[in-house]
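Comments concern the structure below.
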Amino acid sequence: MQNQDNYSVGLDIGTTKIVAIVGKRNAQGKIEVLGMGRSKSLGVHKGIINNITQTIESIKKAIEGAEQSSGVSIQKVTVGIAGKHIRSLQHSDYIMRDNPEAVITEEDIERLKEQVKKLVMLPGEQIIHVLPQEYKIDSEGEIKEPIGMHGKRLEANFHVVVGQMASIKNIIRCVREAGLEMEALTLEPLASSDSVLTKEEKEEGVAIVDIGGGTTDIAIFKDNIIRHTCVIPYGGGIITDDIREGCSIIEKHAEQLKVKFGSALPDTEPENTFVTIPGLHGRADKEISLKTLAKIIKARLDEILEMVNTELKAYGATERKKKLIGGIVLTGGGSNLKNLRLLTNYITGFDSRIGYANEYVVNDKNQILKNPEFATAIGLLMESLKIREREELLQKISLNDKVENSSAQEITPENTPASSNSGKKDESKEETPIVKQSKKSIFGENLLKIITKFFNEEEN
């Protein structure tokens, strides 16, 4: 089994399933999936881990499946985070630069982000993401890209994503006790958006609604900038529970009914069509009307979509400058429900489509990954690939710096007093050459520190 040097792994720890996908980027920039593993998620409720042991075992099973199908030994993973404990807020902050004559660099941006991370949170909360929106330099506002500009005061509006520290630590612990190293922790709706949204949609305004098993995750983009995120603590699992209780059947049969015969619009279902459910342990079979089934499903979907609508209004989606021309993109396992798109259009007033995650995948022969339920896992894989490519770039920059510095190394002239013997080489200087550290290498080191800082803090 080959090691993971050339491959990346996305690990989606969901309420109903855990998925691990192994892949790499080809010469054309597309993703080649080498293998996938999935297992039933035990120990996770509404996106939050409530049983450490069960979750570790579920992660191990998914990883084993991915290793067997790909032939790759997995060490590092990029993990998604969701759950009802996730919240977001808007924050504005600024820094004063020591040298306004020098151009603004990535280091200035990172210094501003680090300042935002010092924001005082509620007890037990921790900042997960600090996402910059518009920048302001001195008196000039609405700047999207400040790098390369001049100015004394650098200010920005931030979208800050916050989560419960205990939940974050539980995820990290489960991953590490499963024998894995966490490469990054990413908000799941952000990962899903990478895999199903187009650049045009993000530019013109779009809301991604990821209906998972335990939660419904929302992320709103406008002008290619993340504007709003939210996690609704209801998903496909609660619809299954409603069917189980409403029809008095076991959970397994309720899930099968939902997947195979479920519909979001009762009016489209015939009155006299029934599905027979086998009785439990010798009891009589049950006949369930498809129309009744659709009414149960619609009642819960109405509630979830009204919550989505509330979040859209909170963002200001009806305002002219904030209008979502791209409408809504539905993804996640729950988006497979028949007629859900039509119901979404009716309740929200926005045009919607189903987001498929196979747009960036080249070798999905069996169309397995086309299913929206894999959107988050593929998005996490894409995030892992970005991190790996960033690290490789930094290594190249560092290597180039070393080459440049060694070629520009100052050599002491033979006729100076520093040379004890004009006919011999100064061995001490040869062993410890004076190398001037470049700005690029400092920048690279700082970036690497920033990438790993979150995880190092957790260990302490």
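Each reported figure results from applying straightforward, stated rules to the coordinates on display, with no laboratory input. The structure displayed is predicted, hence computed values, not measured ones. Positions of Cβ are generated from backbone atoms using ideal geometry, with glycine treated the same way; all protein chains shown enter the neighbour counts.
From the backbone phi of the stretch 318-329, what are the Karplus-calculated ³J(HN,Hα) couplings (6.51 cos²θ - 1.76 cosθ + 1.60, θ = phi - 60°) in whole Hz, Gly and Pro given as x?
Karplus-based 3J(HN,Hα) across the stretch 318-329 equals 8, 6, 4, 6, 10, 4, 9, 5, x, x, 10, 10 Hz.
Can you classify the stretch 45-85 as rounded, prolate or oblate using the Cα gyration tensor, where a ≥ b ≥ c are the square roots of its eigenvalues, rounded means a/c under 1.5, and otherwise it's prolate if a/b beats b/c and oblate if not? List each step's numbers first, then the result.
Numbers: a/c = 3.12, a/b = 1.94, b/c = 1.61.
Prolate, since a/c reaches 1.5 and a/b exceeds b/c.
To two decimal places, what compactness ratio does the stretch 199-356 give when its Cα radius of gyration is scaled by 2.2 N^0.38 Å? Could you put the intermediate results ahead of the total?
On the way: Rg = 17.4 Å, N = 158, 2.2 N^0.38 = 15.1 Å.
Compactness ratio reported: 1.15.
Hand me the trypsin sites (Lys or Arg not before Pro) from the stretch 8-63 located in a DSSP loop with no more than 14 other Cβ atoms within 10 Å, in residue order please. Intermediate results must be reported in sequence, preceding the final value.
On the way: sites: Lys17, Lys24, Arg25, Lys30, Arg38, Lys40, Lys46, Lys60, Lys61; in loops: Lys30, Lys46.
Counting only loop positions with at most 14 other Cβ atoms within 10 Å, the trypsin sites (Lys or Arg not before Pro) in the stretch 8-63 are Lys30.
Taking a point 7 angstrom from the Cα of Lys313 along the C-beta vector, which residues in the stretch 323-357 have backbone N less than 16 Å away?
Flagged as within label range: 346-350.
Quick one: Cα centre-to-centre distance for the stretch 105-131 and the stretch 51-87, in angstrom?
If we compute the Cα centre of each part, the gap is 27 Å.
Using only the alpha-carbon atoms, how far is helix 439-459 inclined from the longest principal axis of the chain? Give it as 0 to 90 degrees, nearest 10.
40
If the viscosity is 1.567 mPa s and the temperature 4 °C, what translational diffusion coefficient in µm²/s does Stokes-Einstein give for the chain when Rh comes from Kirkwood over Cα pairs? Mind showing how you got there, number by number?
On the way: Rh = 24.7 Å.
Value of D from the Cα-based Kirkwood radius: 52 µm²/s.
What is the pair-distance distribution P(r) of the stretch 145-264, computed from all Cα-Cα distances in 5 Å bins starting at 0, with each bin given as a whole percent?
2, 8, 13, 13, 14, 15, 14, 11, 4, 2, 1, 1, 1, 0
For the chain, what relative contact order do you get, as a whole percent, if you take Cα pairs closer than 8 Å and at least 6 residues apart?
16
Within 10 Å of each candidate Cβ there may be at most 10 other Cβ atoms; applying that plus a DSSP loop requirement, which trypsin sites (Lys or Arg not before Pro) in the stretch 269-361 survive?
Values: sites: Arg283, Lys286, Lys291, Lys295, Lys298, Arg300, Lys313, Arg320, Lys321, Lys322, Lys323, Lys338, Arg341, Arg353; in loops: Arg283, Arg320, Lys321, Lys322, Lys323.
Taking the stretch 269-361 and a limit of 10 other Cβ atoms within 10 Å, the loop trypsin sites (Lys or Arg not before Pro) found are Arg283, Arg320, Lys321.
Determine the gain in length on full extension of the stretch Tyr346-Gln395; use 0.36 nm per residue of separation and subtract their C-alpha separation, reporting nm with one decimal. Working shown, then result.
On the way: separation 49, 0.36 × 49 = 17.64 nm, distance 5.15 nm.
12.5 nm is the gain from fully extending Tyr346 to Gln395.
Please name whichever of Ile277, Leu42, Gly235 sits farthest to the positive end of the charge dipole of the chain, dipole taken about the Cα centre and charges placed at Cβ: Lys and Arg +1, Asp and Glu -1.
Highest projection toward the positive end goes to Ile277.
For the stretch 113-129, just list the computed ³J(HN,Hα) in residue order, Karplus coefficients 6.51, -1.76 and 1.60, θ = phi - 60°, integers in Hz, with x standing in for Gly and Pro.
Residue by residue, the stretch 113-129 yields 4, 4, 5, 5, 5, 7, 4, 6, 9, 5, x, x, 9, 9, 6, 9, 10 Hz.
When Glu269, Glu140 are ordered from fewest to most other Cβ atoms inside 10 Å of their Cβ, what list results?
On the way: Glu269 19, Glu140 11.
Final ranking by Cβ density, sparse to dense: Glu140, Glu269.
Explain nothing, just compute: Karplus ³J(HN,Hα) = 6.51 cos²θ - 1.76 cosθ + 1.60, θ = phi - 60°, for every residue of the stretch 391-400 in order, whole Hz, x for Gly and Pro.
Working through the residues one at a time gives 5, 5, 5, 4, 5, 5, 4, 4, 5, 4 Hz.
What do you get for GluC sites (Glu not before Pro) in the stretch 47-129 restricted to DSSP loop and a cutoff of at most 16 other Cβ within 10 Å of the site's Cβ?
Values: sites: Glu57, Glu64, Glu67, Glu101, Glu106, Glu107, Glu110, Glu114, Glu125; in loops: Glu101.
Passing sites in the stretch 47-129 are Glu101.
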